[in-house]
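Report on the structure given below.
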Amino acid sequence: MIFTHFRLNRFHFTVITSLIGLVLGTIGLPLTGCAPIAHDDDQSQATYDLEIPLFTNDQYEFKKVQISTLNNISSVSGQAAEFYYNPTVKNNVLDGTFPQAKIYKSNQGSLVAEDLKSLELLTLYYHFEKLMFFDQKMGVFYANSWPRKIGLEARVLDKNNRPSKNNARYASAFDGYLFESFIRPDLNLTVNGGVIAHEHFHSLFNKLVLIPLSQKFNSELPKSPEDPSHSDRAANDSNTRQLVKSKSYEEIKNKKIQVTPYLETIVRGWNEGLADTWGWVYTGDTKFVERSLSFEKSRDLSLNTQIIPEMNSLSFFMNSSVQSNSERLSYSYKLGSLHARMFYKIYLHKKKLSSAPDIEIRQEIAKLIVELLPQMVNSLFLLEEPVVSAALPIALLSQRSDLKDFCPDLVALVAKPDQIALNLSCETPSAQKNLSKTKLDKAELDTLKSNKSKSDNVNSQINADQKTSHE
Ligand SMILES: [Zn+2]
């Protein structure tokens, strides 16, 4: 559940990380007595019934579902997904051995997995097909190329060159997903619908936010704090920073800015928080992370919301040379959780006002996110300096007329909004022009530097968070 620097064969890259788990051991296979016919790899697309572990009634249990885009039963490949065991990377593309699944068609035409690996494959395929349809509904299908590529039993080395386990990742370097061996006594990540949707959202954030933003920054917005090209960027140049006033829109828009540890942490936090929200929207499971990683209690979206820290102390803390990459990494997940809980509260607010089915209200939250992403890009493009409030998503949401009733609750989630160069007033509909204004007052900064208690407060938050987010 952390960002990790790893190597796959000799390919060096960084990725956004997430979860792991195992369900198969705790649920057990439905060993039905239906007579297998034979493997059927006739390449024709059909609709199949199958039974997979699915989040239902607040737990995972076997449910009958359908898939309609599978082309090859043996390799479990089709329009939505294709799989590789022990994957490698060739020419920036995931490569490896196709599965030889033990799957039979019953006399009734249902697909029946004969072993756990085959059940994992069918379950993953079902989720990627459903996510593909969900992307179509949300208008973001175009962002990705399909079928999606998924590596299983991926051998990923951690920073100590040891094989990493119990993790799932989206890797932007080759636009694929990796699932490592899972050895925890929890729900396997390969069947955890929330985790699969979380990882899939990272691919959307990469295409719709990070790549469009890449031309704005003087270096790539990194996916990992261990990326060597960013590890030494600790110095804070706030002392010498001058806010240049009266620039034209075009000048501001085209001015490249530096990726600081602060900006890196904030953007990664948004990515993780929105991904957690996507995982819950898709499944309805607020505890989906904890279901596979039992130590991740704080990722539950239904927990109480907390204040988003104000910009000045946070940016000072993040840019300080004494903070380690792992501390910043840990903080990004904490920040992400605060945002995910905020979206859950918006859902509860909408639910009170609507008699629509639960899934439809959750999809309204997904739509909010889809509309938010380009707004975030636009706001970040207007940056003159590499400092932006961690509360930018809240500021953008507070401008929506459909959230007018909820606006005071949103604004209340931001600490000391008067110190943040964002217009968080619920009465003023057009704060957009101020969203990128990122003045750090020098006197305030000097005060911060001599005031240890502020950064110590943030520090203690991070230390507390680390206790719950590291294996
Ligand atoms: Zn993630």
Self-check item: segment 72-217, relative contact order [Cα under 8 Å, separation at least 6], %
Solution: 23
Quiz item: If you place +1 on the Cβ of every Lys and Arg and -1 on the Cβ of every Asp and Glu, how big does the dipole about the Cα centre of segment 109-173 come out, in debye to the nearest 20?
Solution: 340
Practice problem: Please give the FRET efficiency for ASN304 paired with GLU360, using the beta carbon to beta carbon distance and R0 = 45 Å, rounded to the nearest 0.05. | Solution: 0.95
Practice problem: Would you work out if segment 51-115 is rounded, prolate or oblate? Take a ≥ b ≥ c from the square roots of the eigenvalues of the alpha-carbon gyration tensor; rounded if a/c is under 1.5, else prolate when a/b is larger than b/c, oblate otherwise. | Solution: prolate
Exercise. Could you please rank VAL281, VAL411, placing first whichever residue has the fewest other Cβ atoms within 10 Å of its Cβ?
Key: VAL411, VAL281
Quiz item: What residues have an amide H closer than 5 Å to that of LYS63, excluding those fewer than 5 places away on the same chain, when H is modeled at 1.01 Å from N in the peptide plane?
Solution: ILE52, LEU54
Quiz item: Among PHE205, PHE141, which comes first, second and so on when ranked by fewest other beta-carbon atoms within 10 Å?
Solution: PHE141, PHE205
Quiz item: Using the 10 angstrom Cβ neighbour count as an exposure proxy, how do ASP95, ASP186 rank, fewest first?
Solution: ASP95, ASP186
Quiz item: For segment 80-95, in order, what is each residue's ³J(HN,Hα) by Karplus, 6.51 cos²θ - 1.76 cosθ + 1.60 with θ = phi - 60°, in whole Hz (x at glycine and Pro)?
Solution: 8, 7, 9, 10, 9, 8, 6, x, 10, 10, 10, 6, 6, 10, 5, 9
Quiz prompt | Karplus-derived 3J(HN,Hα), 6.51/-1.76/1.60, for each residue of segment 270-276, Hz, glycine and proline x | solution = 4, 4, 5, x, 5, 5, 5
Quiz prompt | Amide proton proximity set for VAL259, modelled H, under 5 Å, gap of 5+ | solution = ASN218, SER219
Practice problem: Quick one: which residues, 5 or more positions from VAL414 or on another chain, have an amide H under 5 Å from its amide H? H modelled 1.01 Å from N in the peptide plane, none for Pro or chain starts. | Solution: ILE308
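Quick note: the coordinates plus some simple rules give every number you see, no bench work behind them. Predicted model, so just to flag it, every value in this text is computed and none were measured. So basically every Cβ, Gly included, is an ideal-geometry build from the backbone, and we count neighbours across all protein chains shown.
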